[in-house]
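Peer 1: My questions will all concern the structure given below.
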Amino acid sequence: MKNLVIKIGGHLCFDENGPNIDYIKKLIKTIKKLDRKYKTTVVIGGGIFVRKYIKNFTKLKLKNEQTEWIVIQLLRANVLLFSYLLNKKPVFSINEITSNCVIGGIKPGRCTDTNAAIAAKKTKSILIKITDVDGIYDKDPKKYKNAKLFSKISFNELKTKRKTAPGRYGILDPTAIKIIKQNKIKTYVINGKDPENIIKLLNGVKIGTEIG
């Protein structure tokens, strides 16, 4: 069986009230289909719920690293939720990463995008990031109607943007991009509002942005 890493944008699964049950049910159904052909590792982000949690305690003026440790603990709940639903091993350490597990935050200064790239490197996997836009654009498509979608980008064309704060990383985190480029990890960024897009992509349908 081939190895596959699915990085799930937390905003797809979690709104300000917590888990989006209807979407999560559809996503779990899709991942279970993938598990018939692939050893699928799932990497889950935090979403709006975690972002609002961060925003609410910024007035306490914690150190940046302290804030990130709190976020990591919040992400552990998301990891456990998906590990129980998918019957996969929850992983909280880089050394524990294997194929067919669930990962979230692990250490400060490294977002879930980076953990996904590390997992893809360690397991020699295809990496698919699902988000709420159609792929990688030349600028933010939510702000600019004339934003151009890239159907394919070479490893050398990948550009990084400076990370500004916990939970604010852009379409791909700079450290994740570095790992993808150095290890030539075949990567796709696609719209995951319909989880079945993952299966369509793997069946050869041209959607999203291919990196490689």
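Peer 1: Given the peptides 101-114, 10-23, arrange them by the average over their residues of other C-beta atoms within 10 Å, most packed first.
Peer 2: In decreasing order of mean packing, 101-114, 10-23 become 101-114, 10-23.
Peer 1: What is the local net charge at Y23, summed over the other residues whose Cβ is closer than 13 Å to its Cβ (Lys, Arg +1; Asp, Glu -1)?
Peer 2: Residues close to Y23 contribute a combined charge of -1.
Peer 1: Taking the Cα centre of the chain as origin, work out the dipole magnitude from +1 charges on Lys and Arg Cβ and -1 charges on Asp and Glu Cβ, in debye rounded to 20.
Peer 2: Value, rounded to 20: 360 debye.
Peer 1: Sequence gap at least 6, Cα distance under 8 Å: using those rules, report the relative contact order of the range 2-211 to the nearest whole percent.
Peer 2: Contact order relative to length: 23 percent.
Peer 1: Suppose we keep just the DSSP beta bridges with both residues in the range 1-139; what percent of those would be antiparallel, to 5?
Peer 2: 10
Peer 1: Past 26 Å, Cα to Cα, is the threshold; run K61/K181; K55/K143; K61/K129; K2/K206; K32/K139 against it and keep the listed order.
Peer 2: K61/K181; K61/K129; K32/K139
Peer 1: Which FRET efficiency, nearest 0.05, do E16 and L202 yield, Cβ-Cβ r, R0 35 Å?
Peer 2: That pair, E16 with L202, gives E of 0.65.
Peer 1: According to the square roots a ≥ b ≥ c of the eigenvalues of the Cα gyration tensor, what is the shape class of the range 1-123, taking rounded for a/c under 1.5, prolate for a/b larger than b/c otherwise, and oblate for the remainder?
Peer 2: The shape class here is oblate.
Peer 1: Are there any helices in the chain, counted as whole DSSP H runs, that stretch 30 Å or more along their axis by Cα and score at least -0.5 on average by Kyte-Doolittle, and if so which?
Peer 2: Taking the DSSP H segments of the chain (at least 30 Å long, mean hydropathy at least -0.5), we get 64-86.
Peer 1: Taking R0 as 25 Å, what's the FRET efficiency between Q73 and E157 from their Cβ-Cβ distance, rounded to 0.05?
Peer 2: Efficiency, from the Cβ-Cβ distance: 0.10.
Peer 1: First measure r as the distance between the Cβ atoms of K26 and D138, then evaluate 1/(1 + (r/R0)^6) with R0 = 41 Å and state the FRET efficiency to the nearest 0.05.
Peer 2: Using R0 = 41 Å, I get an efficiency of 0.85.
Peer 1: Still on this structure: Starting from the Cα-Cα distance between T98 and M1, subtract it from 0.36 nm times their residue separation and give me the gain in nm to one decimal.
Peer 2: Full extension from T98 to M1 adds 33.5 nm.
Peer 1: If you compute semi-axes √(5λ) of the Cα gyration tensor in Å for the structure shown, which of (1) 29, 19, 15; (2) 24, 21, 17; (3) 33, 20, 15 do you land on?
Peer 2: The value computed from this structure is option (2).
Taken together, the values in this text are just the output of simple stated rules run on the coordinates, not laboratory data. Just so you know, these numbers come straight off a predicted model, no measurement behind them. FYI the Cβ positions are ideal-geometry reconstructions off the backbone, even for glycines, and counts take in every protein chain you see.
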